[in-house]
Amino acid sequence: MRLQQYITESTELTTKNWEKLKSAINKDCKPFIKEIKGANNLLLRGVNSSDIPKVFKPKNVRKDRKPRMVGKKLHKRIGELSKKLYGWNIREEGVFTTISYDAARHWGHPIIMFPIGKFKYVWSDDVEDLYHGYDTYNSMYNNEYQKDFIEQSNKNVWKSYIEPAVKGYHTTNLKQYLNSSTNNISECIINCDKYYMINFEWLETLKGYYCQGRGR
């Protein structure tokens, strides 16, 4: 199928760039390609404007990710639990992604994420309780009375919201996540060494070629 049949006009959306992008993905992203056949969505991330690729570029994954959304103690506790459950620390080693454009935009400029080589993942199509736990969990106190009250409150939050959510992640059937509702508060955390950051304008082209199989 000709490229022009399923992309819109753009200075970067050219046949030459498509061939470069497709060649890199076909060479380096075989495990991911298998997972996304028949999917309705692709993985997105929000990045700083300085990180937006013109077309695509590789990105190394840090394995000592610092918390942006939760306190250090909770970050460490979730990481320890996830390593016990899944064999890796989802907080420090993971790349957080979503299928929702609005959710990705909350963290920056949406780009498409394709893991390079072998990868692992955990996903949930509904992390509303987990995020409620993040908002409720509190590690700050000013006196001993507050300390006792907050520690008891945190125990309840952990048991009621955070621990069940972390234990409830799925580790297989990524396509099920990619076909879930983009209206839910959801996330997929990827464990890989590198990934391709791809400009968001290639979304429909990539979905048409790799997910729906048009043009092959």
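The values are calculated or read from the model by the stated rules, or taken from the named source; none is laboratory data. All values reported here derive from a predicted model rather than from experimental measurement. Counting neighbours? That spans all protein chains shown, and the Cβs are built from the backbone with ideal geometry, glycine included.
Of the conditions (1) exposed (fewer than 14 other Cβ atoms within 10 Å of the Cβ); (2) under 21 Å from ARG91 (Cα atoms); (3) modelled with pLDDT under 85, ASP135 clears all except one; give me its number.
(3)
Could you pull out every one of the helices (runs of 4 or more DSSP H) wholly within segment 78-197 that has 1 or more residues that are under 19 Å from the mean Cα position of the chain (by Cα) and not aliphatic (A, V, I, L, M)?
Values: elements: 101-106, 128-136, 144-157, 163-167, 174-178.
Filter on segment 78-197 gives 101-106, 128-136, 163-167, 174-178.
Quick check on segment 66-77: of everything there that is under 14 Å from THR136 (Cα atoms) and outside any helix (DSSP H, G or I), which residue is modelled with the lowest pLDDT?
The qualifying residue modelled with the lowest pLDDT is MET69.
Can we say LYS175 is at pLDDT 95 or above, within 25 Å of ARG105 (Cβ to Cβ), of a type in the set (Lys, Arg) and touching a helix residue (DSSP H, G or I) at 6+ places or on another chain (Cβ under 7 Å)? Explain how you work it out, then say what you get.
Values: at pLDDT 95 or above: yes; within 25 Å of ARG105 (Cβ to Cβ): yes; of a type in the set (Lys, Arg): yes; touching a helix residue (DSSP H, G or I) at 6+ places or on another chain (Cβ under 7 Å): yes.
Taking the combined requirement at face value, the residue satisfies it.
I'd like the full set of residues that are among the charged types (D, E, K, R) and touching a Ser or Thr at 6+ places or on another chain (Cβ under 9 Å), limited to segment 168-191.
Step one: filter segment 168-191 for residues among the charged types (D, E, K, R), giving 175, 187.
Correct list: GLU187 only.
Condition check ((1) touching a Lys or Arg at 6+ places or on another chain (Cβ under 7 Å); (2) over 24 Å from LYS20 (Cβ atoms)) across all residues:
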position: VAL47; (1), (2): no, no
position: LYS54; (1), (2): no, no
position: LYS59; (1), (2): yes, no
position: ARG62; (1), (2): no, yes
position: GLY71; (1), (2): no, yes
position: ILE78; (1), (2): yes, yes
position: ASN89; (1), (2): yes, yes
position: GLU92; (1), (2): yes, yes
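Just to be sure I understand, how many residues within segment 182-216 are modelled with pLDDT of 95 or more and either in contact with a Cys (Cβ under 8 Å, 6 or more places away or on another chain) or of a type in the set (S, T, N, Q) (or both)?
Qualifying residue count for the region: 5.
Quick check, is GLY133 farther than 23 Å from GLN176 by Cα, of a type in the set (Gly, Ala, Ser) and touching a residue at least 12 places away in the same chain (Cβ under 8 Å)? It would help to see each step written out before you state the result.
On the way: farther than 23 Å from GLN176 by Cα: yes; of a type in the set (Gly, Ala, Ser): yes; touching a residue at least 12 places away in the same chain (Cβ under 8 Å): yes.
Yes; evaluated as a whole, the condition is true for this residue.
Among the residues in segment 21-29, are any more than 16 Å from LYS57 (Cβ to Cβ) and modelled with pLDDT of 95 or more?
For segment 21-29, residues more than 16 Å from LYS57 (Cβ to Cβ) and modelled with pLDDT of 95 or more: present.
Could you say which residue among VAL61, VAL47 is in contact with a Cys (Cβ under 7 Å, 6 or more places away or on another chain) and aliphatic (A, V, I, L, M)?
On the way: VAL47 fails: in contact with a Cys (Cβ under 7 Å, 6 or more places away or on another chain).
The conditions single out VAL61.
Kindly indicate whether any position in segment 99-116 is among the basic types (Lys, Arg), over 17 Å from CYS192 (Cβ atoms), surrounded by fewer than 15 Cβ atoms within 10 Å (Cβ to Cβ) and touching a strand residue (DSSP E or B) at 6+ places or on another chain (Cβ under 9 Å). Don't jump to the end; show me each part of the working.
At the first step, the residues of segment 99-116 found to be among the basic types (Lys, Arg) are 105.
If we keep only those that are over 17 Å from CYS192 (Cβ atoms) too, we end up with 105.
From what's left, surrounded by fewer than 15 Cβ atoms within 10 Å (Cβ to Cβ): 105.
Now drop any that are not touching a strand residue (DSSP E or B) at 6+ places or on another chain (Cβ under 9 Å), which leaves 105.
Yes - at least one qualifying residue is present in segment 99-116.
Residues of segment 21-36 being within 18 Å of the chain's Cα centre (by Cα) and surrounded by fewer than 17 Cβ atoms within 10 Å (Cβ to Cβ), which ones?
Hits for segment 21-36 are PRO31, ILE33, LYS34.
Which residues, taken from segment 154-179, are touching a residue at least 40 places away in the same chain (Cβ under 8 Å), of a type in the set (Ser, Thr, Tyr) and surrounded by fewer than 20 Cβ atoms within 10 Å (Cβ to Cβ)?
TYR169, THR171 - these are the residues of segment 154-179 that are touching a residue at least 40 places away in the same chain (Cβ under 8 Å), of a type in the set (Ser, Thr, Tyr) and surrounded by fewer than 20 Cβ atoms within 10 Å (Cβ to Cβ).
Among (1) modelled with pLDDT of 95 or more; (2) surrounded by fewer than 20 Cβ atoms within 10 Å (Cβ to Cβ); (3) among the charged types (D, E, K, R); (4) part of a loop (DSSP other than H, G, I, E, B), which single condition is LYS63 missing?
(1)
Can you go through GLU80, GLU144 and tell me which one is acidic (Asp, Glu) and at pLDDT 95 or above?
Working: GLU144 fails: at pLDDT 95 or above.
Residue meeting the stated conditions: GLU80.
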